[in-house]
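First up is the structure itself, then whatever we jot down about it.
The values are calculated or read from the model by the stated rules, or taken from the named source; none is laboratory data. What you see is a predicted model, and the numbers here were worked out from it, not measured in a lab. Positions of Cβ are generated from backbone atoms using ideal geometry, with glycine treated the same way; all protein chains shown enter the neighbour counts.
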C-alpha cells in the first residue's frame, strides 16, 4: 500500500495551487457579486492545459489522469467554488461524456478542442419534471433519414448559456424508458433551433452560469449520436460517476479552506484575554473538522486511484459526493460559528463559501439519490434489487 | 545562442517560525520554493528564448538533495538541465560553486549568457553571479530589472540606488522591489542614471530615487536579475507531467569530473547561529485625527533630523 502522490502529481498540485491563488482567488468575491463567469480565468487555464487535465495527451489533454483532475478540483474548490463548478461542468461531465463514449472520430472532432480549452462543454440532462428522476425526461429525438430531430426544454444547465458543444440526452423510444429508450447526442452551439432560455438567479455559485436550453426541431447528424442508440441513460450515469468523484474533491478543497480560515482566525482573534485557539470549545470544532477532512481526502484520492487503475467505482463515487458535500457544509458552518458576527458579514469570504457549499448537497444527484445509489449497490451484492 | 540559468531552492518562509527567545528556527512545514530571483532569471532567459530561439540550460546554484528545481526549470521551458552530484560537494558555498559552475560552462562547450538571481530569499546571498563572472573572466551586470540579448550584446535595465533619507533604513528591502513596471529597454544608453521616458508612476512609500538606466556589455556575460523583476510564466501542464514522468529528463554530472578535489574546499565555515538585533517597536498614536496627524508629523520630523 502506498499513499504517496507521484512526483508529477506533486508538481501539478504546486502549479495548480499557485495558479489558483494568483489568478482565481483574487476574482472570487468579484464574480460572486457581479454574477459573471470568469472567462479570462478559463482562458488562462486553457493556455496551460488545465481544461484537459485528465484526458490523454493524444486527445490534446494533459494526461494527468483522474488523480490529477481531483487535485485540480480540490485546489479550485479551496479558493472559488464558482470557478470549480465551471471547470467541473466542462471537464467532468461535458467533455468526459465524449471521452467515455465517443467514437474515435467524435474524440478527434469534439474532445480535442475541449481538452485544449479552445471550446467549452456542457452536459444537458435535467428537465423541469425530471430532476432526481432523470429517467422521466421528455425531450425527444426522432430519426429522419440520416438525421435526428430534437425537441424539448432542458433546465439547470451549468455552462449551457455559453458552451460550444453540449451533450444532450433525449428519449428515442418512449416505450422502452431508461433502458433502451434514451440516446445521448452531441449538439454544437449555433445549430438552428438550439436556443438559450432563462438564466437562474442563484443563492450561491453565482460566478457560474445556469441556464435553460430550448431545442426546437434541432437537426443533428446521425454521426453525433454519443455511444449507441438506446444506451444514453447508462452512458450518462457512467459520466456522472466521474463527476461525483471530482465534486467530492472540490468539496474537499472547500472544507480545507474553511479549516485554514478557522485556524487563522482562532490564532488572531482574542476574547477573554486569549486567542480563540486556547478555548477548548474551538479546539474541538477544529479537531472534528480536520478529522472529517482527512477521512474525505483518503476517500477521494483512493477512488481517484481506483479510476486510474481501471477498477469499478460507482458506489464509492457516490460516497465521495455524499460525504464530501456534507463535510464541506459542516466545515463551513463551523467556520462561520468560529468567525462569529464578522463571518456573517459580506466582508469575509465565509458567507460566500456558506452559500456556495449548499449546492453540493443538491446538484450532480441530490444526496438522497447518492444514498439510493450506495444502498442499491450494497443490496445488489446481497441479491436484492432496489427500485427508487 | 546558449543561455545558462542558475536555479536553487529555498525553504518556504511561510512554513517556518523564528523563536528569538529560544534562539531557534522551527520548521513547521518543510516545503521548498525555487528561489524567487532565480525564477525571474529563468523567465528572463525564456523571454530571450522566445525572441531569438536561444537554447536555455539550467544548472543548480548550489548543492541540491534532488533534481526537483531543475525539473521545474525544464517544465517552465528550459531545454536542458544538469544535476551536479559528488563526494565533498554537499557543503559547497558560493566560492566553490563559482569554480564548479565555471568548469560546467566549459564542459557544456561554452555559453553566451549566464543568468542568475541577484539574491537568495533565505540567506540573502548575492555573491554567486559576481564570483562566477570572475571565474569565467566575463563582464557582469548585477541586479537587472530587464534583460535583452541580441547580436553579441546584452542590455539590462538597472534601477538607480535609492537615496538615503535620514536614518540608515529608507525602505524595507521587499518594498523597494515593488510592482511598478520598469520602462522598456531603450532610450539613451549612454547617459547613466538618467530617468528614461516615460517615468515610472510614483507610488506611496515607493520613491524610486534616481530612476532607471540601461547598461550594455558584450557577450559572453553574467547578469543577475532582481526578485520580482518579471512575472514568471506558468509551465505547460502536459510538458510538466512528461518531465516529471521521464526518469532521465535531467542529466547527472559528477563534480569530480569537473574540478579537482581541493577546489571543493569551502571558504565559509559555520561556527554557530545568532539573530540580528531586534527592530525597535513603532509608536502608537491616538486621539483626534488632528492630534494623530500632528504626532505623526512630529515623529517624522524627529526621524529626519536624527
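Structure data summary
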{"quantity": "The stretch B:220-243, residues that are surrounded by 18 or more Cβ atoms within 10 Å (Cβ to Cβ) and more than 25 Å from the chain's Cα centre (by Cα)", "calculated": "B:237, B:238, B:241"}
{"quantity": "Residue check for residue A:45: within 14 Å of another protein chain (Cβ to nearest Cβ) and either in a helix (DSSP H, G or I) or on the phi < 0 side of the Ramachandran plot (or both)", "calculated": "yes"}
{"quantity": "Members of the stretch A:1-28 that are away from chain B (no Cβ under 14 Å) and surrounded by 16 or more Cβ atoms within 10 Å (Cβ to Cβ)", "calculated": "A:25, A:27, A:28"}
{"quantity": "Of residues in the stretch B:225-245 being more than 7 Å from chain A (Cβ to nearest Cβ) and outside any loop (DSSP other than H, G, I, E, B), the one nearest to residue B:38 (Cα to Cα)", "calculated": "B:225"}
{"quantity": "Meets criteria (assigned to a strand (DSSP E or B), in contact with a strand residue (DSSP E or B) (Cβ under 9 Å, 6 or more places away or on another chain) and within 30 Å of residue A:44 (Cβ to Cβ)) for residue A:214", "calculated": "no"}
{"quantity": "Verdict on residue A:78 being within 14 Å of chain B (Cβ to nearest Cβ) and at pLDDT 95 or above", "calculated": "no"}
{"quantity": "The one condition in (1) crowded, with 17+ Cβ neighbours inside 10 Å; (2) within 14 Å of another protein chain (Cβ to nearest Cβ); (3) modelled with pLDDT under 90 that residue B:86 fails to fulfil", "calculated": "(2)"}
{"quantity": "Residue match in the stretch A:164-171 (condition: in a loop (DSSP other than H, G, I, E, B) and loosely packed, with under 14 Cβ neighbours inside 10 Å)", "calculated": "no"}
{"quantity": "Residues being more than 7 Å from chain B (Cβ to nearest Cβ) and surrounded by fewer than 23 Cβ atoms within 10 Å (Cβ to Cβ) - total across the stretch A:48-65", "calculated": "4"}
